[in-house]
Amino acid sequence: MSSDDLGVVSILQDPVRRAVYEYVAAQGREVGRGEVAEAVGTQRTLAAFHLDRLVEAGLLEAGFRRLTDRTGPGSGRPAKVYRRAAGEWQVSVPARDYRTLALVLAEVVELLGGDERAEEAARRAGTRLAEPGEDLAGLLRRRGYEPYEEEGRLRLRNCPFHVLAEEHPVLVCAMNLELCQGLLEGAGQEGVTARMDPRPGECCVAFF
């Protein structure tokens, strides 16, 4: 853990600011100040203050675009909009570095050709992480996947293994798929299956 990471996370201690961040992060698109203010039940000026503090901390990114389809004279100036930043922060006290060890282990698995065994282990882990009868969306939310519904499918806005997937995509995405299948089995969810259905900026798995 670095002091910078701790400082960034401490920004979210304010309950209104945390609600602002969580709303923006959950949308998966750019949102304006007015929308955020209405969503969290606060004044537009206060929402703008918290949004800009989150940008300063590196948790959100800001830009400008028109929020309506109107063009030409009278259409108004582009509005300031926000979306979740691509950065990643981890805090542990005392400092721990599980990420580096995970990257080393992933490399060892690939070098030894142990992909199939790793996938089997991931599926078993998934079954242990779920409680029988547990709601699937709640389970995935608890595991950090940030699920949302779209056209009858449950998609995952966040990949909890993003850093590993960047370095070892074939291995990690295959293990993630098996882990998700294990979660379904552990929760006793029938009529639902986990499949590879990658989208830019999201988890590679979706539930059908």
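The values are calculated or read from the model by the stated rules, or taken from the named source; none is laboratory data. Please read these numbers as outputs of a predicted model, since none were measured by experiment. Cβ: placed from backbone, ideal geometry, glycine included. Neighbour counts: every protein chain shown. When the accessible area is computed, the model is the full protein with side chains, heavy atoms only, and any ligands, DNA or RNA have been set aside. Shrake-Rupley method; radii C 1.70, N 1.55, O 1.52, S 1.80 Å.
Flag not set for Ala118, criterion: among the hydrophobic types (A, V, I, L, M, F, W, C), surrounded by fewer than 18 Cβ atoms within 10 Å (Cβ to Cβ) and more than 28 Å from Tyr21 (Cα to Cα).
Return yes or no: is Leu171 touching an Asp or Glu at 6+ places or on another chain (Cβ under 8 Å), touching a residue at least 12 places away in the same chain (Cβ under 8 Å), within 23 Å of Glu116 (Cβ to Cβ) and not charged (D, E, K, R)?
In short, yes.
Counting only residues that are open to solvent by 30 Å² or more (accessible area, probe 1.4 Å) and under 23 Å from Ala86 (Cα atoms), region 41-65 holds 9 of them. Among the residues of region 186-198, those that are under 16 Å from Glu146 (Cβ atoms) and either open to solvent by less than 80 Å² (accessible area, probe 1.4 Å) or in contact with a Leu (Cβ under 7 Å, 6 or more places away or on another chain) (or both) comprise Ala194, Asp197. One residue stands out in region 73-97 among those that are at pLDDT 80 or above, loosely packed, with under 14 Cβ neighbours inside 10 Å and charged (D, E, K, R): the one that is nearest to the chain's Cα centre (by Cα), namely Glu88.
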